[in-house]
Amino acid sequence: DVKVTQSSRYLVKRTGEKVFLECVQDMDHENMFWYRQDPGLGLRLIYFSYDVKMKEKGDIPEGYSVSREKKERFSLILESASTNQTSMYLCASPPPQPNTEAFFGQGTRLTVV
Amino acid sequence: AQSVAQPEDQVNVAEGNPLTVKCTYSVSGNPYLFWYVQYPNRGLQFLLKYITGDNLVKGSYGFEAEFNKSQTSFHLKKPSALVSDSALYFCAVRGPTGGSYIPTFGRGTSLIVHP
């Protein structure tokens, strides 16, 4: 019954490393989203994609990029990881109809040291 | 721009007592409203949603929510809380058109149910 899968539950990376967070969905959805979750700030949208090779900036894109080469896979890239990017990262795939709920991955807790 | 407010960072309730987690929203047009729950170090799980019709919607694990258009609110409720309900709860809104289809989430409310 798995619908959205994130490749790692926990990651520890060093400052300056290039980090890839992978997300795969099996629902054939066009939409895929990356959120960042921090205590007291809720979920903040980093990037989203509504089609293959299409991407749009969300509210906090600085320091991140994304890749969507195939419909089922949406990757979040930290070009040069910094300690302020230590956070929980959530991938979501909502159906296009606005009256439908989003499906979330289990989250990746990233620590940058 | 659409927005969601959850005015309480934390709600404490005794087991067996009723609980309410508050949410207000702002969106152009008719809203689609959602509640999600998150357990520690997990992703968000869908609880219930309001689309149209009856203002009281029922969802998973005995939760329900009341939509109030005049107060732009969508409060989550449960008649009798369980210790296992302790988790982080998020309210979300999707608008009917254009870029508003992107889900917008509140900051979350931590529910703590005491034995």
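The values are calculated or read from the model by the stated rules, or taken from the named source; none is laboratory data. All figures in this text were calculated on a predicted structure; none of them were measured in a lab. All Cβ positions, even for glycine, are placed from backbone atoms using ideal geometry, and neighbour counts span all protein chains on display. Only protein heavy atoms, including side chains, enter the accessible area calculation; ligands, DNA and RNA are left aside. Shrake-Rupley method; radii C 1.70, N 1.55, O 1.52, S 1.80 Å.
Entry remark, the stretch B:41-53: residues being open to solvent by 50 Å² or more (accessible area, probe 1.4 Å) and either part of a strand (DSSP E or B) or aromatic (Phe, Trp, Tyr) (or both) number 3 in total. None of A:69, A:22 is away from chain B (no Cβ under 14 Å), closer than 26 Å to residue B:108 by Cα and outside any loop (DSSP other than H, G, I, E, B) except A:22. Any residue in the stretch A:30-46 that is in a strand (DSSP E or B), open to solvent by 30 Å² or more (accessible area, probe 1.4 Å) and away from chain B (no Cβ under 13 Å)? No; the residues of the stretch A:30-46 include none that is in a strand (DSSP E or B), open to solvent by 30 Å² or more (accessible area, probe 1.4 Å) and away from chain B (no Cβ under 13 Å).
The condition (being under 27 Å from residue A:107 (Cβ atoms), more than 14 Å from every other protein chain (Cβ to nearest Cβ) and in contact (Cβ under 8 Å) with a residue 40 or more places away in the chain) is satisfied by just one residue among B:37, B:13, B:27: B:13. Residues that are without any contact (Cβ under 8 Å) to a residue 24 or more places away in the chain and of a type in the set (A, V, I, L, M) within the stretch A:1-57 comprise A:41, A:45, A:52, A:54, listed in sequence order. For the stretch A:99-113, a residue qualifies if it is open to solvent by 30 Å² or more (accessible area, probe 1.4 Å) and either within 7 Å of another protein chain (Cβ to nearest Cβ) or under 17 Å from residue A:58 (Cβ atoms) (or both), and the qualifying residues are A:99, A:101, A:106, A:109.
Filtered by the rule that a residue be open to solvent by 50 Å² or more (accessible area, probe 1.4 Å), out of contact with any Pro (no Cβ under 9 Å at 6 or more places or on another chain), in a strand (DSSP E or B) and at pLDDT 95 or above, the stretch B:1-40 gives B:10, B:12, B:20. Kindly evaluate residue A:59 against the criterion of being more than 30 Å from residue B:5 (Cβ to Cβ), part of a loop (DSSP other than H, G, I, E, B) and open to solvent by 10 Å² or more (accessible area, probe 1.4 Å). No, not satisfied. Among the residues of the stretch B:61-83, are any touching a strand residue (DSSP E or B) at 6+ places or on another chain (Cβ under 7 Å), crowded, with 17+ Cβ neighbours inside 10 Å and within 12 Å of chain A (Cβ to nearest Cβ)? Scanning the stretch B:61-83 turns up no residue that is touching a strand residue (DSSP E or B) at 6+ places or on another chain (Cβ under 7 Å), crowded, with 17+ Cβ neighbours inside 10 Å and within 12 Å of chain A (Cβ to nearest Cβ). Within the stretch A:1-19, the residues that satisfy the criterion of being in a strand (DSSP E or B) and polar (S, T, N, Q) are A:5, A:6. Close contacts from the stretch B:73-91, counting a first residue that is under 17 Å from residue A:42 (Cα atoms) and a second that is surrounded by fewer than 17 Cβ atoms within 10 Å (Cβ to Cβ) and among the aromatic types (Phe, Trp, Tyr), with Cβ to Cβ under 7 Å and a gap of 6+ residues or different chains, come to B:87/B:39.
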